[in-house]
Amino acid sequence: MVEKDEIAQNRVLKIITENTKHGISFFDRDLVLVACNHRFAELLQFPSAFCEPGTPMRDLFYFNARRGEYGPGDIDEQVSQRMALAREFSAHKFERVRPDGMVIEVIGTPIDEGFVTTYTDITELRKAQKNLVEAEKMASLGSLVGGVAHEINTPLGICITAVSHFQTQVAQLDARFRSGEITEDDLTEFISTAREATQLLETNMNRAARLVKSFKQVAVDQTSEERRKIDLLKYFEEVLVSLTPELKKTRVKVNLEIPDGLSMDTYPGPLAQITTNLIMNSLIHGYAGGTEHEGAIRIAALQEQENRIRIQYEDTGRGIEADALGKVFDPFFTTNRDNGGSGLGLHIVYNLVTQKLAGTIECDSKPGSGTTFTLSLPVS
Ligand SMILES: Nc1ncnc2c1ncn2[C@@H]1O[C@H](COP(=O)(O)OP(=O)(O)OP(=O)(O)O)[C@@H](O)[C@H]1O
Ligand SMILES: [Mg+2]
C-alpha cells in the first residue's frame, strides 16, 4: 500500500515538474546532478546525456564555457569561478543573457541536501519593459515639444501682430509724406508708435529666446563637463557671490550650514545651476520679488550615509498651495506666466539632480510656512 502511494506521489511530482515552463535542477552537496526536468535541458540547450542524474556540475560548466556561453576568456578560469560560487551554497538570483539574446532568470535556493535552481525565459518580458520605457520617453518628449511650441507661439504671435501694425503705420506715413501732407503731429505719433512696437518686439523676442534656452537645458547633457572634487562650503560661497546682485535687490539673507571639510566628487556646473534656480525661485515666488519681505534661506549639508550627502534647502517664504505642490517639477507648471515664468526652472533642477547627479530631490511646503527642498546626492 505504502509503495503504491509512493509511486502515485512520484507520478504527481513528475507531472508537475514536466509541465511547468521553468527549468528546474537539483544538485547535491557534492555539486552532482540529482534530478532535473526536461525544460532545464531545453532552455539551456544541453544534450540529454548531460541531464542524467550523476552528471557533475563541472561538466555542465565546461560544456557552456567551450561553446562560448560565458563570453571570451580563459575557460578553466570561467569554470573555477563558477564552481567557487556554487560551493558557497548561498541563495542567488541573476539574469543570464545567452549569446542568441535569450534572457534567462536564474534563481538558486539552498536546501540541506544541496540546492534547487529554477531557470525562466524572461526574454519577452525584458523586451516589453524596454519598449515601454522607450514609449514613455517618446510620449514625454512629445508632450514637452508640444508644450514648447505652445509657449513660444504666444510671444511670436505678439511679435507678428506688432510688426504688421507697424507696417501699416509706415505705409500711412509714407503716403502722407509723398502727398506732401505730412505734419509734425503725424511724425510725433509715428515715433511713439515705433517706440511701442519695438519695445513689444524686444520683450517678446527675448522671451522666446529665453524659452528656447531653457528648453535646451531640459535635455540634460550627460557628457559636456568633467567631474571634480569640490569643497561644499567654499563652493556654495562662490555660487552666492555670483548671486549677490540679485540678492542685493531684496531683504533676503542666505545662511550656509555646511561643516568644514565636507567635500564631494561631482559635476560643479549643474550643482550651481540647481542652487541658482532654487534661490531665484525663493526670491521671485517665496518673497514676491521685492524688498517688501524680509526673509532667510538656509542651505544645510551633511553626510547622511557613507556615500551620500544630504542637502537641505529651506526658505521662509509664502510656501506652495497643496494642489500646486505635486506639480512643481512638471515642465511648464508656473504660477508666474504673466511675469515671464516658463515653468521650466524646477523641471531642469529635477532632471539635473536625478539624471546628471544620480540623486533624488523632494519638495515640501505649506502655504505660509516656507518651502523645503531635500536633495540626496552620491559623494562620488
Ligand atoms: N521657493 C518657492 N516658494 C514658493 N513657490 C515656489 C517656490 N519655488 C517654486 N515655486 C512654485 O513652483 C512653480 C514652478 O517653479 P519653476 O521654477 O519650475 O517655474 P517658474 O519659476 O515659475 O518659471 P522659470 O523658472 O521657468 O522662470 C512656480 O511658478 C511657483 O509657483
Ligand atoms: Mg523658477
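Worth pointing out:
- Cα gyration tensor category, rounded, prolate or oblate, for region 208-338 with a/c compared to 1.5: oblate
- Sparsely packed loop sites in region 5-79 (the trypsin sites (Lys or Arg not before Pro) outside DSSP H, G, I, E and B with at most 14 other Cβ atoms within 10 Å) comprise Lys21, Arg29, Arg67.
- Most mobile of Asn19, Asn131, Asn351 in a GNM of the chain (Cα contacts under 10 Å): Asn19
- Max mean-square fluctuation residue, GNM over the chain, Cα-Cα springs under 10 Å, options Gln355, Gln199, Gln81: Gln81
- Ranking Tyr62, Tyr350, Tyr313 by solvent-accessible area of protein heavy atoms (1.4 Å probe, all protein chains present), from largest to smallest, gives Tyr350, Tyr62, Tyr313.
- Pairs of Cα atoms nearer than 8 Å and 6+ residues apart set the relative contact order; for the chain it is 10 percent.
- Whole-angstrom gap from region 42-67 to region 68-96, using each part's C-alpha centre: 14 Å
- Chain lengthening between Ile111 and Gln303 when straightened (0.36 nm per residue, less Cα-Cα): 65.0 nm
- Sites Thr354 and Arg176, calculated FRET efficiency, Cβ-Cβ separation with R0 51 Å, nearest 0.05: 0.25
- For the options His92, His293, His165, a Gaussian network treatment of the chain with springs between C-alpha atoms closer than 10 Å singles out His92 as fluctuating the most.
- Helical runs assigned H by DSSP (4 residues or longer) give the chain a calculated mean residue ellipticity at 222 nm of -15500 deg cm²/dmol, each run adding -39500 (n - 2.57) before division by the residue total.
- Gain upon complete extension [Leu125, Ile16; 0.36 nm per residue less C-alpha separation]: 36.9 nm
- Proximal charge balance of Tyr62 [Cβ under 11 Å; K/R count +1, D/E count -1]: +1
- Shown for the chain: the carbon plus sulfur share of the solvent-accessible area, taken with all protein chains present and a 1.4 angstrom probe, equals 55%.
- Loop-located GluC sites (Glu not before Pro) in region 70-160, at most 14 other Cβ atoms within 10 Å (DSSP): Glu88, Glu113
- A DSSP coil position with no more than 13 other Cβ atoms inside 10 Å describes the following GluC sites (Glu not before Pro) in region 247-322: Glu292, Glu306, Glu321.
The values are calculated or read from the model by the stated rules, or taken from the named source; none is laboratory data. Predicted model, so just to flag it, every value in this text is computed and none were measured. With ideal geometry, Cβ positions are generated from the backbone for all residues, glycine too; neighbour counts draw on all protein chains shown. Areas reflect the complete protein model, heavy atoms only, side chains present, ligands, DNA and RNA absent. Shrake-Rupley method; radii C 1.70, N 1.55, O 1.52, S 1.80 Å.
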